[in-house]
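Any read-out appearing in this document is the output of simple, stated calculations on the displayed coordinates, not a laboratory observation. Source: prediction; values computed, not measured. Methodologically, a virtual Cβ is constructed for each residue, glycine included, from the backbone with ideal geometry; neighbour enumeration extends over all protein chains shown.
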Number of protein chains: 2
Amino acid sequence: MQFYSYFINKMIYSIRDLENRINDAIKKIPLDLSPQALYDPIRYVLSSDGKRLRPILTLMATNLFSDDVSLSLSPAVGIEIFHNFTLLHDDLMDRADMRRGNPTVHQLWGNNAAILSGDAMLIQAYTYIADVPLHLLPDVLSLFSKTAMEVCQGQQYDMDFEKRRDVTEAEYMEMIRLKTAVLIACSLKIGAMLGKASSLDSDLLYQFGIHIGMAFQLKDDLLDVYGDTKTFGKNIGGDIVCNKKTFLLIKALENSNASQRKELDKWLTAKDVDSTTKINAVKNIYDELNLKAISENLIEKYYLSALDCFSNLPVASARKNELLVLVDNLMQRHK
Amino acid sequence: MQFYSYFINKMIYSIRDLENRINDAIKKIPLDLSPQALYDPIRYVLSSDGKRLRPILTLMATNLFSDDVSLSLSPAVGIEIFHNFTLLHDDLMDRADMRRGNPTVHQLWGNNAAILSGDAMLIQAYTYIADVPLHLLPDVLSLFSKTAMEVCQGQQYDMDFEKRRDVTEAEYMEMIRLKTAVLIACSLKIGAMLGKASSLDSDLLYQFGIHIGMAFQLKDDLLDVYGDTKTFGKNIGGDIVCNKKTFLLIKALENSNASQRKELDKWLTAKDVDSTTKINAVKNIYDELNLKAISENLIEKYYLSALDCFSNLPVASARKNELLVLVDNLMQRHK
């Protein structure tokens, strides 16, 4: 197995290399412990087929500044544990039955297991996050705790929005910044810090991460409606079925004329309706309002802002390439 | 307000002084934040009328070695936040309606609020725990994370035991060590560490805390059945009503003769029975088996072991007095 390639005498790790490193490290987390009912759900969640996006970003950020990506392996694992903890508790709160094609923890083990195993994962996340050189520990910890709290705030806003029909675009943007973007930014910044980047460069990567995170979530919203049915992991239109306040729905409520608004309101309050009929009807309004293009333009805007940040980073372009490929893949994905 | 008394030229803080300090510090936690639905439950839980036992122990442990109890104020607050987080999630998992005479969070705000606000509290706990001098940070963090994980393990064992009728005394003792004793021990040890105690003395206080914690939990079990109805915060017999595997029930299942066991089994499986009738019947078996005295003897044994640990601590007895008074209060309490 080739873990690196030589490039102007430096080690640049490929996405695949880093993913393997993360998965190997996750396999080494001691989870074969008692009580089984606490650890089985954790093992189940962590062994599932995730993208490992955030820890890969951490290692890549380290690799921008250092040949030794193992410097940030432990906090990268901590961030992945944290991310999976949020999915576990979010799925319970959203009563989601499936995640990545598998039944969710509360479906398999019940609500209490989902609560308690999630709590244990959050604690475990901290254990891995804290495994950094002493002089960086306070800053890494405080960034992580700040981020974790923001993710909770984002989740709360998301739940609050379910009960409202007057959510503004600005409120929505702030919600996805908290729920999604800050963790991606934090993953990158911690990687940079451990790669001994200057605080200026670390902050630049944080900003890059915020823009990427916003684009990433907007893309997710878009794919739920306009994704490739065959390759998209979730069922198309899931957000429409459960009236989720996505960018598309918020813009539709904002931009619709009287008859479109009446139609939207009808579907938002309709009970016992056929999912496909509802999805097609709402999608039809989205099409009329040109929301696919509006959404794509906004994604492009965030993507370009991200690239602009990135171009200001004083790092050789050979070192930057893998991260650009990864981000481009995220933006071009159809699922 | 008098915050200390001079005693052979040293500052020794009274229980009341320390409780005030804790409550003042808790009032200063920034919780008047958005989204309200996230922070309101946290404010509710932290402003409720708790004993503040654990953070007081932390400050007292510091005061054994130092005149400056403010050294450990922040981690003491972190421990109290953590303890209240566990109560919040435990009450949700146990479907408890009331806590300290007030409705529980999930009763007032729903299950999702209880989950997410609890998560936020765990993160907040870490923020306060991490606010210690840099050279102590790794040890304090790793003790806290180890303890927090053990508390989760204890809660899981407790839930596992609900489904079993063959729980042994040894299993029960291990469960309460994890669920209750280690956090009391951790509170004391962190206080000692911040008071610049030697690692030998810190460990001695940890052991002291384990013994006190075991005695404390056994006393709780006992008070549920034999407590003073007027002063005990919970309803007498609550554990009996819900078949909770307490020390008393486990010993009863172990020590009962055939007819007593048959009677016990009847009550453990009975449905739609009058609570008072069930409580009296089960209590009657406990009385026949002399479980009050057996339990009191065991509590005394742990208490004496604790005092033995404490006597080995090379600290002037004037400094030890307040902690001994507090522990004696805990052991003599009728509620």
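Once you list every other residue whose beta carbon is under 15 Å from the beta carbon of residue A:319, what net charge do they have if Lys and Arg are +1 and Asp and Glu are -1? Net of charged neighbours comes to -2.
Each copy carries a label point for residue A:164 at 7 Å from Cα toward Cβ; from one copy, the others' points are 4.8 nm away, ordered from shortest.
Over the stretch B:10-332, Cα pairs under 8 Å with separation of 6+ residues give a relative contact order of 19 percent. Taking the fewest neighbouring Cβ atoms within 10 Å as the starting point, the ordered list for A:186, B:242, A:309 is B:242, A:309, A:186. A label point on residue A:268, set 7 Å along the Cα-to-Cβ line, lies at 5.4 nm from each of its counterparts in the other copies, closest listed first. Computed from the C-beta positions of residue A:162 and residue A:262, the FRET efficiency with R₀ = 25 Å rounds to 0.70. The mean count of C-beta atoms from other chains within 10 Å of the C-beta of residues in B:117-130, rounded to a whole number, is 6.
Residue-wise HN-Hα couplings along the stretch B:217-226, as the Karplus relation 6.51 cos²θ - 1.76 cosθ + 1.60 with θ = phi - 60° gives them from phi, are 5, 4, 5, 4, 4, 5, 5, 4, 9, 10 Hz; Gly and Pro carry x.
Net charge near residue B:41, counting Lys/Arg +1 and Asp/Glu -1 over other residues with Cβ under 13 Å of its Cβ?
Here the count lands on -1.
Of interest is the spacing of the C-alpha centroids, which for the stretch B:231-299 and the stretch B:185-201 amounts to 39 Å. Under 5 Å between amide hydrogens, built in the peptide plane, is the criterion, and for residue B:10 it picks out nothing among residues at least 5 positions away or on other chains. From the alpha carbon centroid of the stretch B:9-88 to that of the stretch B:304-318 is 25 Å.
The string of couplings for the stretch B:312-328 from the Karplus curve (6.51, -1.76, 1.60, θ = phi - 60°) is 7, 7, x, 10, 4, 5, 4, 6, 7, 4, 4, 5, 5, 5, 4, 5, 4 Hz, one whole number per residue in order, with x for Gly and Pro.
Which of B:219, B:271, A:28 has the fewest other C-beta atoms within 10 Å, and how do the rest follow up to the most?
Details: B:219 22, B:271 4, A:28 9.
Lowest to highest Cβ neighbour count: B:271, A:28, B:219.
Relative to the longest principal axis of the Cα atoms of chain A, helix A:275-288 runs at roughly 90 degrees. A label point on residue A:325, set 7 Å along the Cα-to-Cβ line, lies at 7.0 nm from each of its counterparts in the other copies, closest listed first.
Counting, for every residue in A:31-38, the Cβ atoms of other protein chains within 10 Å of its Cβ and taking the mean gives 4.
Computed from Cα positions, the angle between helix B:73-94 and the longest principal axis of chain B comes to roughly 20 degrees. Mean separation of Cα pairs under 8 Å and 6 or more residues apart, divided by the residue count, gives the stretch A:183-335 a relative contact order of 34 percent. Counted by neighbouring Cβ atoms within 10 Å, the residues A:163, A:51, A:244 run from fewest to most as A:163, A:51, A:244.
Give, as a single signed number, the net charge of other residues whose beta carbon lies under 12 Å from the beta carbon of residue B:303, with Lys and Arg counted +1 and Asp and Glu -1. Charge balance in the 12 Å sphere: -2.
Evaluating 6.51 cos²θ - 1.76 cosθ + 1.60 at θ = phi - 60° for every residue in the stretch A:298-308, the Karplus couplings come out as 5, 4, 4, 4, 5, 4, 5, 4, 4, 4, 4 Hz, glycine and proline recorded as x. Which Cα, out of A:112, A:132, A:155, lies furthest along the positive dipole direction of the stretch A:59-171 (beta carbon charges, K/R +1, D/E -1)? It is A:112. For chain A, the longest principal axis of the Cα atoms and the long axis of helix A:15-27 meet at an angle of about 80 degrees. Length available on full extension from residue A:171 to residue A:290: 0.36 nm per residue minus the Cα-Cα distance, which gives 40.7 nm.
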